[in-house]
Structure formats: C-alpha cells, structure tokens
Amino acid sequence: MYSRYIEAVVGVFIIVGFIALGFLAIQVSGLSMDSQKETYRIYAQFDDLGGLSVRGQVSVAGVTVGKVSAISLDKKAYRALVEMEIYKSVDNLSIDTVASIQTAGLLGEKFVGLSVGGDPDVLADGDTIFDTQSALNLEKLIGAFASSRSSL
Amino acid sequence: MLDFFVKKGQATIDFVSSLGRSGIFLIRAIFGLSFSLKSLSGLIKQIYYVGVLSLVIIVISGLFIGMVLGLQGYSILIDYGSEQAIGQMVALTLVRELGPVVAALLFAGRAGSALTAEIGLMKATEQLSSMEMMGVDPIKRVIAPRLWAGFISLPLLAAIFSAVGIFGGLLVGVDWLGVYEGSFWANMQQSVDFQEDVLNGMIKAIVFGLVCTWIAVYQGYDSIPTSEGISIATTKTVVYSSLSVLGLDFILTAVMFSSI
Amino acid sequence: MGPSGTGKTTLLRLIGGQLKPEKGDIVLDGNNIAHFNRKELFEMRKKMGMLFQSGALFSDLSVFENVAFPLREHTKLPEDMIRDIVLLKLNAVGLRGARDLMPAELSGGMTRRVALARTIALDPELVLYDEPFAGQDPIAMGVLVQLIRLLNDALGLTSVLVSHDIPEALSICDHAVILADGVVIGEGPPGDLKQSGSPLVRQFLNGLPDGPVPFHYPANDFQTDLIG
C-alpha cells in the first residue's frame, strides 16, 4: 500500500511536469498545431531592414499569415533580400501587394505588413514582391524634418 | 619550500585521480540500471524522494521569483513606455536562464545534499560493503536508480519552475500592476520560440540534472565513513554542484544563444 | 586476535575479496582468489557470509526483508518458500517475533542477531565475523557467543572470528591466531596459547598494561621535563 501511494504520486509528478512543459510550449511560446501548416515561399527586397530579423511576423491587416524565414544580401542590387514563408491557406495575395516593414508599438518588434492590391493575378511559390517600403529610419526622418525647416 | 610544491603536486594528482574515479563511477552507474521490474520500482521510489519532495521548494521559489521579475521588470520597462513587454521579459528570463539554473541550484541544495548524506551513511554503516559481500553490486542497486531519478526529475522541476514563475509574473503584472493581459501573452508568444528558448532551456536542465546528481552521488560514495566525513561530503556536494551549474550555464548559453 | 590496528579487519576483507593483495596468494577452498575477477568473486560470495561490526542492516527494509534479501537476489524461490526459510533463520537466532520491525527499532544486540540470520540465509560454507562481541552487554554477549558456536556446529560451517574479547573468543574457538605488527606471533588451540612463552602473547592474553607494547608513549626523561 505504501509503495502504491509512492507510485501514484510519482505518476502525478511526471504528469504535472509534462503539463508544465506543454504550457511552456503552447501558451508561452505560441507553438501551435498549425505551425505544421504547409507554406509557400515569396521574396521581397528592401533598402533598409531596420532591425527586422528571422522569425519576424508577416501579417495582413494585423493577422499573422506567415513568418520571415531567411534574410540575405542581394549582391547585385545591394538590397536586403527577405524570404518569407506564407501559409498555403492564404493564397490570394495579389501580385501588386505592397510589403512594408513596420514596428509593433514604439519599441516593439519589427514585422512585415502586407497590403493587398487589386490585381486579379496572385503570388505563387517563388514569386517576388516588387513594391516595398523600407523601415522607418528615425535619423533620416529627423534630418529631413530639420532640413525642411531650415529651408523655410 | 619544496614541501609546498610537493603538497600542491600531490593535491593535483589526487584531484585528477578522483575525477577519473568519478568518471568510471558515472559510466558504471548510468549503464547499471537494468530493466527489471525490481529496479524500475526502485527508480520510481527514488524519483519520489528526489523529485516529488523537491516540489514544494521549487514551486514556492518559482512563484516568488516570477513575481519579483514582474515587479522589477515593470519598474524598468515603464520608463520606456514598454510595460507591455513584461510578458516576454518574464518568460524569456525564466525559460532560458532562471528556470534551469535556479531549479538546479535548489535541487543541489535539497536533493543533492540528501543523496550525499544518505549514501555516505550507508557507506559508514557498512551497508554498501555488506551488499557487495552478498554479491550484489551496490552501484547497480543503490546508485544507478538515484542517478537516473535526478536525471529525469530536474527537467520536469525546471519546467514546473518556469511555468509557476510565469504565472507569478502574470499575477503581479496583470492583476496587480494593470498590464493588459492580451498583450502580456501576445508579446510573449511572439518572442519566445519553442525550439530556441524552451527546448534549449530543457537541454540545460537535463545537463544540470546529470551533473548535480552525479556529484551528489559520487561524493556520498567516496566519503570518509565517519560523521565528520559525511558532513564534509555534503558541503562539497552543494559547493561543487552550484559552481558546476553556473559554469556550465555560461558555456551552454554561449553555445546556444550566441547567434543573438 | 591482536592489538588494535594490526590489520585484522583488513585480513577479513582480503579473505572476502573486497581488497586485493599487492603480493601473495589467498587460497580459499582450493582456489586462489587473489586473482579472481568480478564474476568469479560473485560466485564465491554465494558460499560466504560476512557479519559486519555494526550489523549493516539495510535501514529502509524491515527485519524480514533484510533476511530475505540474499534469497531474493541469488535464488528464484517462490515467495512462500522464502518466507519459510526466513522464519527458520530468524527462529534460529531467536528473533522470529521481531520480523516486522525496522532496524532503527532494534537494540544493538538484536541488530547483530538479525544480521547473523541474514548471513546464514543462503547456508554458506564460510562465515566471517568482524568483532561481533564489541560493545555488547553481558546477556547479549552470552547469546551471541552461544549462537556462533551452535550454528558453526549445526551447519558444519567454517567460521573465522576477529575479536578483542579474549575469554569469549577463546571459549568457542578451535584454533586461534594472534597478529601483531602484521605478523603472526602465535597460533594454535586456545589451551596451547595460554601456556605460550612469548611475552607479547602473554601480555595480550592476560591484558597486562605494560610489556612489549609499552605503557608510556615515547617521551623525554620525566625529571628534566618537570623541572626544566
């Protein structure tokens, strides 16, 4: 009887441990079943990444549709080439979609926001978005403001 | 003068041979666990003593550390208007570092010293010798289950520690200081990656579990069989375990998170 | 037998195979165990029992479980047979009624008796006793002395006893060996030893405070120490 009690308690302990692990996995790190979702790749070139990193979100109207999977330098155009994995279920991104690097909140993480255009043709695996807007660079903005003021 | 060097040389040789002995000991102990019903029930019993009985200290410490992180974090982040980031701060700190490390330190202090004392006492009362005389290998019978129990328990304890800590941070951040619950979780989920953060934290905990239990069990086995010897061994366990955990943590962090 | 620190316990451990000699042979039952590997020692130990000074009962098992331990380890006997054997052994030492107690609840003498029951659980051929009478009250001592002799005769054992308790040890042994400084200084049946001419043997057997083993620890001349 005594050892039955011990075995039961150890069993509970192990279960609780795995629940904690599960909690960390799902609630805390956002690992979800849909991360097994199928994705297709699209590319975009930017002048300035402004701190966007791999694993950054890609969203349309604030809804996550994918993530940044790789970042590299396009040696010919000297621009940043960003590779994104988009869920296959989001298959209606028009080819004139605009990709811009935005900030979530003032000091938040950088993410790629996509604004869909009106073209009936859609982006497929391996396509590149041409219309891009780089990250807002605070120094350039202030510089532009200062020089516009001085020209008054 | 020469005597001093001789002593130092002797001490170094002793240390190195002790390390070698403990290595051989470890190999024998890890592979000493057989899969019979008897030894599995022994293992379960040890998981109880080593893991379950450490739960109280782990849960209470986890809760308090999570709450302190929430409090301190809030007071720092509010200056930048980024108090919404409190969720990710608490979660990352716990999952990457404090969960495995503090759980390991507490484990070494509570379970490690208990193991050393128990085994040291068994050695002092000649129980290990008599087992050997009866043809039973004490390493297989006594040491192996305890080693595996520690190895299995610490990752679970570290996960529980982190989970409870995050809950503590939630209590302080959301319920007390008024951070919006939605952004608490949303920011956290975005910045904590399962593979990079949670899994790496668990790997750390597994490594710490092995090292702490190994040290605890070896110090007991190698102790001088007197009451003074046991108390020296127990102290050594806590000191060596703690230093090893902190040192290994640095190395593992450098390896795992160097891309950042 | 011999003065403290001459290596009596070490000798027992050598016989039991716990220590390996640097030189020389230890011949047991026709086999030289000095070169035995772990497996051969394991086989050897099934025929040997050792009673440690402190009893060395496993503190987390009951008296019954302690005595059953070697049976469970080395045999595949069914539980009811093991139960019978354990009860028999406990009865032989007079502690059948104590079978459900834990070692912590036993007195020193009782602990040793249970340990004795455990030692003979597998009906060994050789039993080694490490200072079994040390620190026992007269009654417990008397019980142990009797038991050791009776069991030896009843089971046809070979018993090797290490002890300082001269009258008790000599009363039950057939052949005594006295060690001092790592050498044998006298051996033979107890009667012969008592008549021995060697001063060291005399001092030891009679408990004389001064003799070959001096009373005074080496020191300077007393007068100069006091005055100077």
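List of remarks:
- Working note: Karplus 6.51/-1.76/1.60 with θ = phi - 60° gives region A:7-17 the couplings 4, 4, 5, 5, x, 4, 4, 5, 4, 4, x Hz, where Gly and Pro are set to x.
- FRET efficiency estimate (nearest 0.05) - Cβ-Cβ, B:ARG21 to C:PHE222, R0 56 angstrom: 0.70
- Among C:HIS216, C:HIS74, C:HIS35, the ranking by other beta carbons within 10 Å of each residue's beta carbon, starting with the fewest, stands as C:HIS216, C:HIS35, C:HIS74.
- Only Cα pairs under 8 Å and 6+ residues apart enter the sum, and on that basis the relative contact order of chain C stands at 21 percent.
- Placing pseudo-labels 7 Å out from each Cα toward the beta carbon at B:LEU171 and C:ASN31 gives an inter-label distance of 6.3 nm.
- Here's how it looks for C:VAL160: its modeled amide H is under 5 Å from those of C:VAL127, C:LEU128, C:TYR129, which are all 5 or more places away or on a different chain.
- Förster radius 30 Å - calculated FRET efficiency between B:ASP14 and B:LYS38, Cβ distance, rounded to 0.05: 0.20
- The shape of region A:38-108 comes out oblate: with a ≥ b ≥ c from the C-alpha gyration tensor, a/c is at least 1.5 while a/b does not beat b/c.
- Under 5 Å between amide hydrogens, built in the peptide plane, is the criterion, and for A:ASP127 it picks out A:TYR43 among residues at least 5 positions away or on other chains.
- Nitroxide proxy distance, nm - points 7 Å out along Cα→Cβ at A:GLU38 and B:LYS7: 7.5
- Extension reserve of the C:GLN195-C:SER59 stretch, reckoned as 0.36 nm per residue once the Cα distance is removed: 44.5 nm
- The chymotrypsin sites (Phe, Trp or Tyr not before Pro) of region B:125-176 include none that meets both conditions, a loop assignment by DSSP and at most 15 other Cβ atoms within 10 Å of the site Cβ.
- Distance from region C:214-228 to region B:129-208 (C-alpha centre basis), Å: 66
- Three-way shape label, region C:121-181, alpha-carbon gyration tensor, a/c 1.5: oblate
- Phi to ³J(HN,Hα) by Karplus 6.51 cos²θ - 1.76 cosθ + 1.60 over region C:176-191, Hz, x for Gly, Pro: 10, 10, 10, 9, 8, 6, x, 10, 7, 9, x, 7, x, x, x, x
- Positive minus negative residues near C:GLY16 (Lys, Arg vs Asp, Glu; Cβ under 11 Å): 0
- Reachable aspartates and glutamates, given that their alpha-carbon falls under 18 Å from the alpha-carbon of A:LYS140 and they are not under 8 places away in the same chain: A:ASP47, A:ASP48
- 10 Å Cβ shell holding at most 16 others, DSSP loop, trypsin sites (Lys or Arg not before Pro): longest site-free stretch of chain A: A:89-152
- Cβ charges +1 (Lys, Arg) and -1 (Asp, Glu), total dipole of region B:134-260, debye: 480
- Under 24 Å between alpha carbons - lysine pairs in region C:1-129 that sit 8 or more apart or on different chains: 15
- Of the trypsin sites (Lys or Arg not before Pro) found in region C:1-95, the ones in coil according to DSSP and having at most 11 other Cβ atoms within 10 Å of their Cβ are C:LYS23, C:LYS76.
- Over chain A, volume per residue of the alpha carbon convex hull, in Å³: 174
- Estimated inter-spin distance, C:ASP210 and B:ARG28, nm [label 7 Å along Cα→Cβ]: 5.0
- When the square roots of the Cα gyration tensor eigenvalues are ordered a ≥ b ≥ c, the ratio a/c for the protein assembly as shown is 1.5 or more and a/b exceeds b/c, which makes its shape prolate.
- Note on chain B: dipole from Cβ charges, positive end direction compared against B:TYR49, B:ALA108, B:VAL68; the farthest Cα belongs to B:TYR49.
- Taking other residues whose beta carbon is less than 13 angstrom from the beta carbon of B:ILE139, and scoring Lys, Arg as +1 and Asp, Glu as -1, yields +4.
- Long-range HN-HN contacts of A:LEU136 with modeled amide H, under 5 Å: none
- Taken one residue at a time, the phi angles of region C:154-164 give Karplus couplings (6.51, -1.76, 1.60, θ = phi - 60°) of 5, 9, x, 7, 10, 10, 10, 10, 10, 7, 9 Hz. Gly and Pro are set to x.
Read-outs throughout are calculated quantities, based only on the coordinates presented, and are distinct from any laboratory measurement. Model, not experiment: these values are computed from the prediction. Heads up, the Cβs are rebuilt from the backbone with ideal geometry, glycines too, and the neighbour counts pull from every protein chain shown.
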